[in-house]
1. Within the range 72-83, how many residues are at negative phi and loosely packed, with under 15 Cβ neighbours inside 10 Å?
2. Please go through the range 23-34 and give me each residue that is open to solvent by less than 10 Å² (accessible area, probe 1.4 Å) and within 36 Å of the chain's Cα centre (by Cα), ordered by number.
3. Which members of the range 133-168 meet the condition of being more than 23 Å from the chain's Cα centre (by Cα), within 16 Å of the ligand (Cβ to nearest atom) and not aliphatic (A, V, I, L, M)?
4. Has the range 198-214 got at least one residue that is part of a loop (DSSP other than H, G, I, E, B), loosely packed, with under 14 Cβ neighbours inside 10 Å, modelled with pLDDT of 90 or more and not assigned by TED's automatic domain parsing to the domain that holds residue 57?
5. When you scan the range 221-244, how many residues do you find that are in contact (Cβ under 8 Å) with a residue 60 or more places away in the chain and closer than 29 Å to residue 258 by Cα?
6. Looking only at the range 23-53, filter to residues that are assigned to a strand (DSSP E or B) and more than 15 Å from the ligand (Cβ to nearest atom); which one of those is modelled with the lowest pLDDT?
7. Taking the range 284-299 only, how many residues are buried (at least 21 other Cβ atoms within 10 Å of the Cβ) and either at pLDDT below 85 or closer than 20 Å to residue 323 by Cβ (or both)?
8. Please identify the pairs in which a residue from the range 24-39 that is farther than 28 Å from residue 139 by Cβ and polar (S, T, N, Q) has its Cβ atom under 8 Å from the Cβ atom of a residue that is near the ligand (Cβ under 7 Å from one of its atoms) and open to solvent by less than 50 Å² (accessible area, probe 1.4 Å), counting only partners at least 6 apart or on another chain.
Amino acid sequence: MLKIPDVLFLLCALGAADAVYKQWIPDTNYENETNWDKGSVPIGNDRVQFSASRKVSVYVETVHSVQEMRLPVDGEFILTSGAGFSVGAGGYKPGAVVKFKDVESLQWFDPALWQAASTADDLEKGRFLFSVHEESVPCRYDNVVFKAHSSFRVDLSSNRPSVPVQSVSVLGKTFRSNSEFSRYLGSPSGRLQFHGSSSISLGSSGCSDVSGCECGNAASLEKICGHVECSSVTCKKPLRPVGHCCDVCGAIVTLQYVPGFNLETYRQRLMHIFLGLTPYKSIQLGISKVEKSRWFLGVFPRQGAAEIQIVLMDGETGHKAGMVAEALARDILKDAQSAGSNLGIAEAEFQASSGSSSSHGSGRDTGMVLGTIFGVLIVVGGVFLLVFLYYRGAIKVPSLPTITMPSLSSLKRSSEIGDLGGPMDHGFDNPMFDKPTVIPAVPGLYGAENANSISLTQSGVHFVNPAYDDSETDFNA
Ligand SMILES: *[C@@H]1O[C@H](CO)[C@@H](O)[C@H](O)[C@H]1NC(C)=O
């Protein structure tokens, strides 16, 4: 039988297994033709040039013949066994100049330069995850992978002194502790591979919450989005997912979760149930925990709440853009309604770029606003009714000598008559009334308290209600 500490350990181990692997795409390998300005690896009598002022580390796997090679001031070749260069094998006829591309500007925070997978195995097999821009760049709990048989150069500059991640793999070696990794960064290879104002800090324990962890890149979103060029969208109501740089056509499903929700299990479920279906084959699905700033009554900022965001995008264009994604969103909602209690989903709603959304979700906030408005109306109405009834009973209304509205002074004077069964109070201080003539006439009622919006006098409660319209009530009639 498992004791509690064992169970806790098991839970932690499961949680830690949820970390995502993010792999840096570009390399500085000699054999990668995209690294050469002519689009092919130099051969025979080509004259190879590396920019003199650049630092670069170059991975070489086989033997290459070149006629001439200009090397950078600071650089290295990482030669695997059997790799090397032979000079002059292509004859003495001078060949074309082939230049190695400039890789200086490739930045860590460029979301296009990363690919993500749930496991190291998925990474190798090319089963990549789709994510919003903020999460395309390594999150603080992620394992960063530089391809095993590769050299690279990455600019880490950012507005933060350090970039936290869980681990970093370079040339097949995985670093998990800061001390070990900083020793590597000090080595010749380390200095050529990583540059820029920030440095990587390791040792974050990984995400221990099975319901997922926020990425932690929100502070760098501006920097990340600086690398993204948004294409124009054609749908009616484009959506902007949390953590994304661009408006998109498609749908966003939002889940409120309770203990028992497991992000990775749920991701697998969606993959198996839906993404295998023919109509949904082309769908890009990104699921993560995000913090959404919410607005109370649409005006006051409320404490941001963590929720699960599922971004769905299809490859459709024109008027069909986002429609397949919307169909999937409806299916996911149906699934959440029927199986939600087993999955730890308390609530699910969706928004689509066609303008439609789940009635449940949109009804909740609107309902709250309407409820509040009705509440206020009922209270105000109740007060009015009380005031109205009070006057109905207290005054013989028809016997008022002057009823014509514009003449306030005559109305006020009618209260001075004092023969109507006690002190009379009109109750409302109406700004339409001509006060200067009133104040001397009724000094007791319009004294210092007049400035207050509500004041108590012996004779009753006074409101200053600009919305009040005398002509609509009939206690003067
Ligand atoms: C060559 O480099 C490009 C871009 O840097 C990369 O996408 C591609 O995977 C690389 N090719 C190989 C064989 O690694």
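1. Going through the range 72-83 one residue at a time, the tally reaches 4.
2. Of everything in the range 23-34, those that are open to solvent by less than 10 Å² (accessible area, probe 1.4 Å) and within 36 Å of the chain's Cα centre (by Cα) turn out to be 24, 28.
3. If the condition is that a residue be more than 23 Å from the chain's Cα centre (by Cα), within 16 Å of the ligand (Cβ to nearest atom) and not aliphatic (A, V, I, L, M), then 146, 147, 149, 150, 151, 152, 153, 155 are the ones that fit.
4. Scanning the range 198-214, I find no residue that is part of a loop (DSSP other than H, G, I, E, B), loosely packed, with under 14 Cβ neighbours inside 10 Å, modelled with pLDDT of 90 or more and not assigned by TED's automatic domain parsing to the domain that holds residue 57, so the answer is no.
5. 6
6. Here the answer is 47.
7. Total meeting the criteria: 2.
8. 35/27; 35/29
The values are calculated or read from the model by the stated rules, or taken from the named source; none is laboratory data. These figures come from a predicted structure and were not determined experimentally. Note that we place each Cβ from the backbone using ideal geometry, even for glycine, and neighbour counts take in every protein chain shown. These area figures cover heavy atoms from the full protein model, side chains too; ligands, DNA and RNA do not enter into them. Shrake-Rupley method; radii C 1.70, N 1.55, O 1.52, S 1.80 Å.
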